[in-house]
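These notes are about the structure you will find just below.
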Amino acid sequence: MFEHVRAFHQPRTISEAIRLLNHRDGVACLVAGGTDLALRAGRTVTDLVDVTHLGLAYIKRDGRAIRIGATTTMSAIEQSSFIQHMANGILAHAAASCGSAQTRNLATLGGNLANASPAADTATPLLVLDADVVLQGLRAKRRLPLTEFFTGPHKTAANASLLVELVIPGPEPRTAWSFQKFGRTEVDISIVNVAAGIKLDRANRVTFARIALGAVAPRPIRAHGAEFLLEGRVLDQHLLDAVSEEAAQEIDPIDDVRASAAYRRELTQVLVRRALLECAARLERAL
Amino acid sequence: MKRSGRNSTPSMQLSLRVNGEAREWTIAPGDLLLDVLRREGYYGVKRGCETGECGACTILLDGKPVNSCMIFAAQAEDREITTVEGVAHGDQLHPVQQSLVDHGGVQCGFCTPGIVLSSKAYLEEHPNASEDEIRTALSGHLCRCTGYSKPVEAVLAAEHAATRKPSHAAHSHDIVGHNEPKVDAVKFVTGRPAFTDDIHIPGMLYGKILPSPHAHARIRSIDVSKARALPGVHAVLTYKDVPRVPHTTAGQAWPEPSPYDTYLLDSKVRFVGDRVAAVAAESREIAEEALRRIQVEYEVLPPVLDMEHASDPGVPVIHDEKDSTGIHDARHNVASVIHKQIGDVEQGFRDSDLIFENEYRTPRQHHCSLEPHITITWLDEDKRLVIRTSTQIPFHVRRQVGMILQIPVQRIHVIKPRIGGGFGGKQEMLLEDICGALTLATNRPVKMEYTRHEEFFMARSRHAQVLRVKMGFRKDGTILANHMSVLASTGAYGSHSSTVQGNTGSKVLPLYRAPHLKFDCDIVYTNTPVSGAFRGYGCPQGFFAQESLIDEVAEKLRLDPIELRLKNLIRQGDTDELSAQLGEGRKGLPRLIRSCGMDECLARGAAAIGWKQKRSARRDKKSPFQHGIGVACSMQGSSIAGIDWGSATVTLNEDGSYRVHTGCADVGAGADTVLSQIAAETLGVTLDKITLLSGDTDYTPFDVGAYASSTTIISGGAVKKAAEKARASFLEVAAPLMKVPVEKLTCRNNLVIDLDDERHTMPIAEVARHATYKAKVQIIESASHFITDSPPPFCATFAEVEVDTETGKVRVLHLVNAVDCGVALNPNLAEGQVEGAAAQGIGYALHENMQLDENGRMLNANFLDYKILSSKDMPKLTTILVPTEEPLGPYGAKSIGEIAINNPGPAIANAIYHAIGIRFRQLPIRSEDVLRAIHERESAAQPNFAEVSKSL
Ligand SMILES: Cc1cc2nc3c(=O)[nH]c(=O)nc-3n(C[C@H](O)[C@H](O)[C@H](O)COP(=O)(O)OP(=O)(O)OC[C@H]3O[C@@H](n4cnc5c(N)ncnc54)[C@H](O)[C@@H]3O)c2cc1C
Ligand code: FES
Ligand code: FES
């Protein structure tokens, strides 16, 4: 499958990795866990550049922000007690839902994002947490919001740069969060996934809202319209209906072997509703 | 960069530690770890899918389980790898391994190495793991055999160092009826090389088939010169190079009832995946490159994809060749038709007070054996063709390959090693002929295997059917007439076409007594993947229809569904006359029901699920989660009456142990164990004194193979007979030594015992030595066995489901199977059969379906999108073995291998109806379909019943 690969590089520094990636002669490709890459028939790739020896497997606090290195594995994220407690553990929950234990022991956060599948499970929690990606190119280092990182199915703004880390600003305090994933079976990629976060004042008025949707558009997206509907309103059944309907209008799902577009639309509505209900429950508010 | 052959491939050094030892290997930079490990002889690392889904290739990387198919070998530099071979300390098994052996956690053993490694790693970090946690930890290991209950139970027990479960019944026998561990389990848990692919033969080539990209086309021209010119390519075969012999790939006794409509290679292709050409080359990469260089010009023909229009006027003819035989009506794409009747259903309907009729649809289901089809062929030192192959039918393969390649049967030697699951998919001669042809063309050993992707559409599958059932009732619920009409697609070739469908009638309709039964069936060709034998063999389709309709009728008649069934079920002493009409493609034999535990199955199953309380439980109408329970009944057969037969030879060794030779083919379900138990019981020795050799056409006597639930009753019957004869001959030698008349002697527990004075004994070993060196006689006896009936096992299944009415998702919470399989010769193995079938049946009910696009291409030919259930998806399983005594079976046994697959479909559909009041008459019942139906009901009153009702 990778019969044209002539070298497997294991650089020890970021700059060397980037140099190898940008080498003119041949087609170079970064490999982290390999769980997406190794399954593809890479018949054009000539050079594989392993990024797992660059010291990028870490979960660090930086003031109120959290930095997660690109090669941190899903298992490490799922098992990190810090991540388990951050934002009701939505990122840990999403990481724990990525494939089987054998997959998660290899799969990296950076790989999940750089692969840019519309169904990537860690994308929606990171979107609602307003995460940024840090990219190191041949010349410059860039930091950009995750919303700008995804440009299409399996397309990102990374170009020939290395995804170094994710930066999550300290999650909004007193906010409740939820991650909802719908698969056909227990171990499945998402047919739809939803992450949400809300904050309510004493009168149950929404003072902060984030909703992100996965597997329902060419890339993981924020549901800005639905968020807008929420802000400043009192969260009640009526608003839940309106918001989940709005979210279902913001998507652009496809028909495929896993589900029809129409079904994805319905699921979006249900999962958004359930996510918000779970948030409310976590805030111990009855609707 | 240009490449030619392996030599010019760039290479690199890899150093790592494997199972505690330093290793230094030369690899290619693009090699995957799985390929390197197997190349280096770590055969315990299995290839099941190569897409990260199945877990068969699991290793521990620095102590953590990972799939070796999705990591580059170079990434293992300086790391510590543990394969299953490194888990035991010498002969001392790891507690997880021992527990899997003891608790029946192993069936075919193909998934086992991965399960051992993941469990070991998990328990080391989580010593007090709960069942739920273990199920999560193992959810990346697909197992198609066990239904996960026993492996999970075993891992839980390993954690608590629990001892083996005792046999649950009191026994008059020493060995049969007991939970003996599988005789081959230790080699599976330790990953010893036991499967077809676990050998390396020097000079072995890699063979590969060029699959047709078109569903229906004629090959106008085919140019293989560029492929032949590629260095490393040793043969390229097209239809021009091989004999043209019409045959069927169905592994059935000669003369096969399936049409002879298949050719080794042909100038016409009839489905996407059909053989266009075959190559043999030095490596898989070169073989694949060679395929890309074959230039084919096709005349693309319109495909026939929809079975309901396959016989329409003007539809293209799929089998327009002149030389095929046994096709019913090739011009209308009809492979076979069946019209059989007992009594007169029309009269029955006239006599009925109520008539109900509905239509049901069932999908193409794939076997998904964890080991895909694989064959290795070579010429031995006498230039005989040796075929080492993953098959259920070694003797049929020998005959078929002999016929196709035109070599005498005598010149062929078929070896069946351990098989990684069959389920009927390997009751088919599939790669053996083409692989043999490549060996003959190259004079070299050749290996051919399907990738998981190819396996899905190039192997076989369960026939899709459209079934119409019409039943006439008296007011009190007595069935007077039952008429089933079936349309089935056999795909591009007619393998098993008439017989699978014949079974849909003969095994399903007679479950209920009715004076008037009729079965009509058309089996049509379509340009789709070929159907074939699959556990249940036509019954899951038929029972889905019949058991759904019965449930619908019960509601109309305001009867409890169990009561309605009890009123009509076949009983001991009844004769099933329909089976006489519907034999194996010809006239069959009537079935006399000599044992039937169905009433008890229903009673105990109902108690286990809590039928009474749950049927009448009040529900919270507001909750999005609705619960329901449903029931279904079925029966099967035990062998094909008057056709299946087997034989065995029993030979005494000088140390008092016995060799048993049988042609029977253990496909992982435990035949070798059960046959060893029968031999040991009959010969009066302990199980360790039996060495069983099976499924080798040079060394074992004839057996039709492992199918039609025939192994225990037929092969077991043969072993019992041969063992009885051997025991008699043995006692002839023992009698003068012990100075006791033969009729006063018995053998038990490795001793010859004087029945008049039980303290007067002599070790069997002593008599054996005497026989060998003093008396100079070889105790050796053979026997053949067949029966002219096919005693049915019976099964009642209860399902409890929860339906999420907002997403449509159906969760099965509990599945109870109460099965009458006669005397269970090994209850643990019998339960394993039921649980494994249950998992396949739940998958059939809710997920499994080979989806084809409008060009006949399969869309979900991988484990990501063809979903089989994982340990996390399985409900609680309760398995109840209801003992009866079958006079025709060895030690009272009937079959158990197939029956439990029949009921989950209807039981779940009936439970869903109970939960939400919506009837699903098509499988699989996907969450999307459920939600759509819920919405349709909301928007309109559901047109529920196509009922032709007379006045009550
Ligand atoms: C059986 C199975 C089940 C799966 N289930 C899920 C699931 O449920 N949910 C889900 O979201 N995913 C799932 N996946 C997909 C996959 O495991 C994840 O996307 C994973 O996180 C990818 O990470 P990796 O390190 O293995 O990436 P790799 O395969 O190594 O790389 C993926 C891509 O990202 C690029 N890349 C990797 N690292 C970097 C970097 N630092 N900078 C720039 N580019 C980079 C690579 O060049 C490549 O194109 C599954 C995969 C398998 C095999
Ligand atoms: S072969 Fe690796 S997961 Fe199936
Ligand atoms: S025992 Fe698990 S796949 Fe056969």
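What's the carbon and sulfur percent of chain B's accessible surface, probe 1.4 angstrom, rounded to a whole number?
Carbon and sulfur: 50 percent of the exposed surface of chain B.
Provide, in order from the shortest bin, the percent of all Cα-Cα pairs of the stretch A:138-287 in each 5 Å bin, continuing until the bin that contains the maximum pair distance.
Histogramming the stretch A:138-287 at 5 Å steps yields 2, 9, 17, 20, 17, 15, 11, 6, 2, 1, 0 percent.
Report, ordered by chain and residue number, the lysines lying within cross-link reach of B:Lys744, taken as a straight Cα distance under 30 Å and ignoring same-chain residues fewer than 8 apart.
B:Lys689, B:Lys720, B:Lys721, B:Lys725, B:Lys774, B:Lys776
Looking at the square roots a ≥ b ≥ c of the eigenvalues of the Cα gyration tensor of the stretch A:1-107, which shape do they give, rounded for a/c under 1.5, prolate if a/b is larger than b/c, or oblate?
oblate
Please work out the average accessible area per residue across the protein assembly as shown, using the 1.4 Å probe convention, and give it in Å².
With all protein chains present, the protein assembly as shown gives 35 Å² per residue.
Give the shape of the stretch B:191-283 as rounded, prolate or oblate, defined through the alpha-carbon gyration tensor: a ≥ b ≥ c are the square roots of its eigenvalues, a/c under 1.5 means rounded, and otherwise the shape is prolate if a/b is larger than b/c and oblate if not.
Judged from the Cα gyration tensor, the stretch B:191-283 comes out oblate (a/c at least 1.5, b/c at or above a/b).
With each run of n ≥ 4 DSSP H residues scored as -39500 (n - 2.57), what mean residue ellipticity at 222 nm is computed for chain B after dividing by its residue count and rounding to the nearest 500 deg cm²/dmol?
Taken over chain B, the calculation gives -7500 deg cm²/dmol.
For the stretch B:646-785, restrict the atom set to alpha-carbon positions and state the Rg and Dmax in Å.
My reading of the Cα-based Rg and Dmax gives 15.1, 47 Å.
What are the residues whose amide H is under 5 Å from the amide H of A:Val234, where those residues sit 5 or more places off or on another chain and H is modelled from the backbone?
Result for A:Val234 returns A:Val206.
Anything in chain B that counts as a DSSP H helix reaching 30 Å or more along its axis (C-alpha) with Kyte-Doolittle mean of at least 0.0? List them, would you?
Sorted by number, the helices that extend far enough and score high enough are B:716-738.
If we restrict to alpha carbons, what Rg and Dmax does the protein assembly as shown come to, in Å?
Radius of gyration, then largest Cα-Cα span, for the protein assembly as shown: 31.2, 103 Å.
Residues of the stretch B:53-90 losing 50 Å² or more of accessible surface, assembly versus chain alone, probe 1.4 Å, please list them.
Buried-area filter returns B:Met70, B:Phe72, B:Gln75.
At a 1.4 Å probe, which residues in the stretch B:21-36 are at least 40 Å² less accessible with all protein chains present than in their chain isolated?
The answer is B:Pro29, B:Gly30, B:Leu32 - residues whose exposure falls by at least 40 Å² when every protein chain is included.
Once Rh for the stretch B:749-814 is found with the Kirkwood sum over Cα pairs, what is the Stokes-Einstein diffusion coefficient at 37 °C and 0.692 mPa s, in µm²/s?
Translational diffusion coefficient: 174 µm²/s.
Rounded to the nearest 10 Å², what accessible area does B:Val704 show when all protein chains are kept and the probe is 1.4 Å?
0 Å²
Ranked by accessible surface with a 1.4 Å probe, highest first, in what order do B:Arg284, B:Arg594 come?
Per-residue accessible area, sorted high to low, gives B:Arg594, B:Arg284.
Once the Cα gyration tensor of the stretch B:12-86 is found, what semi-axes does its equivalent ellipsoid get, as square roots of 5 times the eigenvalues, in whole Å, sorted largest first?
Over the Cα atoms of the stretch B:12-86, the ellipsoid semi-axes are 17, 14, 11 Å.
Long-range amide H contacts for B:Val304: which residues qualify at under 5 Å (H placed 1.01 Å from N, peptide plane, sequence gap of 5 or more or a different chain)?
B:Asn527
Counting each pair of different Cα atoms once, what's the Kirkwood radius of the stretch B:580-630 in Å, rounded to one decimal?
14.9 Å
Can you give me the solvent accessible area of B:His339 with a 1.4 Å probe, rounded to the nearest 10 Å²?
110 Å²
Leaving out same-chain residues fewer than 8 places away, which lysines sit with a Cα under 21 Å from that of B:Lys383?
Of all the lysines, those that pass the test against B:Lys383 - Cα under 21 Å, at least 8 places apart if same chain - are B:Lys416, B:Lys447.
Can you report the principal axis dimensions of the stretch B:558-597 using only the alpha carbons, biggest first, rounded to whole angstrom?
40, 21, 11
Which order do B:Val152, A:Val234 take when ranked by solvent-accessible area (1.4 Å probe, heavy atoms of all protein chains), largest first?
A:Val234, B:Val152
How big is the stretch B:550-648 by Rg and Dmax over its Cα atoms, in Å?
Gyration radius and largest Cα-Cα distance of the stretch B:550-648: 18.9, 63 Å.
First compute the accessible area of the stretch A:9-104 with a 1.4 Å probe, then give the percent of it belonging to carbon and sulfur atoms.
Answer for the stretch A:9-104 is 50 percent, counting heavy atoms of protein chains only.
To the nearest 100 Å², how much accessible surface do chains B and A cover up together, summed over both, with a 1.4 Å probe?
Between B and A, the summed buried area is about 4100 Å².
Treating only the Cβ of Lys, Arg, Asp and Glu as charged (+1, +1, -1, -1), what charge dipole size does the stretch B:331-474 show about its Cα centre? Round to the nearest 20 debye.
Using Cβ point charges on Lys, Arg, Asp and Glu, the stretch B:331-474 gives about 240 debye.
Taking square-rooted eigenvalues a ≥ b ≥ c of the alpha carbon gyration tensor, is the stretch A:80-199 rounded, prolate or oblate, where a/c under 1.5 means rounded and, failing that, a/b exceeding b/c means prolate?
oblate
Which log10 I(q)/I(0) values, to two decimals, does chain A give at q = 0.07, 0.15 Å⁻¹ under the Debye formula with one point per Cα?
The Debye formula, applied to the Cα set alone, gives -0.26, -1.11.
With +1 assigned to the C-beta of every Lys and Arg and -1 to the C-beta of every Asp and Glu, and no other charges, what is the dipole magnitude of the protein assembly as shown about the Cα centre in debye, to the nearest 20?
About 1320 debye.
What do you reckon, how do B:Glu802, B:Glu758 stack up by accessible area (1.4 Å probe), largest on top?
The residues order as B:Glu758, B:Glu802, largest area first.
Can you list residues from other chains, or at least 5 along the same chain, whose modelled amide H is less than 5 Å from the amide H of B:Gln922?
Amide H to amide H, under 5 Å and 5 or more residues apart or across chains, B:Gln922 pairs with B:Arg361.
In nm², what is the average projected area of the convex hull enclosing the Cα atoms of the stretch B:358-399?
If I average the Cα hull's projected area over directions, I get 5.1 nm².
Would you be so kind as to list the residues of the stretch A:256-287 that have their accessible area lowered by at least 50 Å² in the full protein complex compared with their chain by itself (1.4 Å probe)?
A:Val257, A:Tyr263, A:Glu266, A:Arg274
Tell me the volume per residue, in Å³, of the convex hull enclosing the alpha carbons of chain B.
Output value, Cα hull per residue: 177 Å³.
Quick one: 3J(HN,Hα) in Hz for the stretch B:486-494, Karplus 6.51/-1.76/1.60 with θ = phi - 60°, rounded, Gly and Pro as x.
Each residue of the stretch B:486-494 in turn: 10, 10, 10, 9, 9, x, 6, 10, x Hz.
By what distance, in whole Å, do the Cα atoms of the stretch B:95-189 stretch along each of the three principal axes, largest value first?
Each principal axis gives a Cα extent; for the stretch B:95-189 these are 44, 26, 20 Å.
Taking the full set of protein chains and a 1.4 angstrom probe, give the accessible area of A:Arg205 in square angstrom, rounded to the nearest 10.
100 Å²
Just tell me which lysines come within less than 24 Å, Cα to Cα, of B:Lys120; anything on the same chain fewer than 8 places away is out.
Those lysines meeting the cut-off are B:Lys46, B:Lys64, B:Lys150, B:Lys165, B:Lys182, B:Lys187, B:Lys872, B:Lys876.
Find the relative contact order for the stretch B:646-785 and round it to a whole percent, using C-alpha pairs within less than 8 Å whose residues are 6+ positions apart.
It comes to 34 percent, rounded to a whole number.
The values are calculated or read from the model by the stated rules, or taken from the named source; none is laboratory data. In this text, all values refer to a predicted model and were calculated from it rather than measured experimentally. A quick note on method: Cβ atoms are made from the backbone with ideal geometry, for glycine too, and the neighbour counts reach across all protein chains shown. Side chains are part of the model used for accessible areas, which takes the heavy atoms of the whole protein and leaves out ligands, DNA and RNA. Shrake-Rupley method; radii C 1.70, N 1.55, O 1.52, S 1.80 Å.
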